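A short worksheet on the structure shown next.
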Amino acid sequence: MAGESVEVPLLPVEIDDDLAPLLRAHPLPAMVSDADMNQEEIAQAFGTTVNTVAKWIREGMPVAQVGGNGRAYVLRLSHCWAWRKSREAEAAQRSRHNEAQISLLRAEMLGVEIDSPAAQMSAKERRELAEADMRWSEAQRRRRQLVPLPDVLELLESLGKIVRDGLEAMPDRLEREIDLSPSQVSAVARIGSDLLTAWADCIEERELRDREVGEADLSEQLLI
């Protein structure tokens with residue numbers, strides 16, 4: 001009767017201990033019936049070429065009947081499907097494992113946590129980000145919106161030395177220029193010393209005294 005499916009007999013095939021778990025893990029889709037096919041038909045079923053199917057056979061894809069001397073290869077659809085899906089699952093698992101190890105190694109080399117975005121970036125992505133940052137920094141420098149940190153530190157150190165030397169020399173200058181009394185000179189010296197102490201305390205409070213330049217947040221410290 002039209003529309004009824006016809007059951008096609010399959011070759012008797014022995015299922016070994018390696019193939020059995022693959023068939024259990026990767027059965028054919030429910031609407032697909034099993035079939036014995038030649039290489040061309042298997043190639044059409046998997047959307048590939050006959051050459052690729054021949055390569056898979058050499059790599060261990062199950063064969064129901066070995067071809068040769070005018071006899072074509074016979075391939076059981078369910079067996080080929082289970083073998084191919086198992087290979088795809090193994091490749092996906094290997095890829096996930098390798099990606100995880102790459103991320104761990106990146107995190108170790110960069111000194112960041114594994115969940116940091118930097119650890120997830122490829123070497124190409126990190127290089128592109130670094131190049132973009134360098135171009136942005138150069139543009140800011142040319143517009144005088146960005147000054148190299150060593151230049152800023154050198155300027156601050158020079159300014160600090162001028163103020164310190166001026167405060168320390170101020171009592172003697174005032175004594176010579178406006179004839180201050182000894183008590184007044186002492187008062188001026190004390191005030192200057194208090195200012196220098198307050199300045200040093202402020203630096204200590206901001207944790208700048210022993211801080212390495214490399215620890216600074218350049219995005220904030222360089223902008224002036």
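The values are calculated or read from the model by the stated rules, or taken from the named source; none is laboratory data. Since the model is a prediction, treat every value here as computed from it, not as a measurement. Here the Cβ positions follow ideal geometry from the backbone for every residue, glycine too, while neighbour counts run over all protein chains shown. Please note that ligands, DNA and RNA were not included when accessible areas were found on the heavy atoms of the full protein model with its side chains. Shrake-Rupley method; radii C 1.70, N 1.55, O 1.52, S 1.80 Å.
Overview of results
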quantity: Residues of the stretch 89-106 classified as more than 24 Å from LEU22 (Cα to Cα) and exposed (fewer than 11 other Cβ atoms within 10 Å of the Cβ), total; calculated: 1
quantity: Residue that is farthest from the chain's Cα centre (by Cα), among those in the stretch 160-189 that are surrounded by fewer than 11 Cβ atoms within 10 Å (Cβ to Cβ) and basic (Lys, Arg); calculated: ARG176
quantity: Residues being touching a residue at least 12 places away in the same chain (Cβ under 8 Å) and either open to solvent by 20 Å² or more (accessible area, probe 1.4 Å) or part of a strand (DSSP E or B) (or both) - total across the stretch 72-88; calculated: 9
quantity: Enumeration of residues in the stretch 20-54 that are open to solvent by 50 Å² or more (accessible area, probe 1.4 Å) and in contact (Cβ under 8 Å) with a residue 60 or more places away in the chain; calculated: ALA25
quantity: Test: residue in the stretch 123-140 that is polar (S, T, N, Q), surrounded by 10 or more Cβ atoms within 10 Å (Cβ to Cβ) and either modelled with pLDDT of 75 or more or not in a helix (DSSP H, G or I) (or both); calculated: no
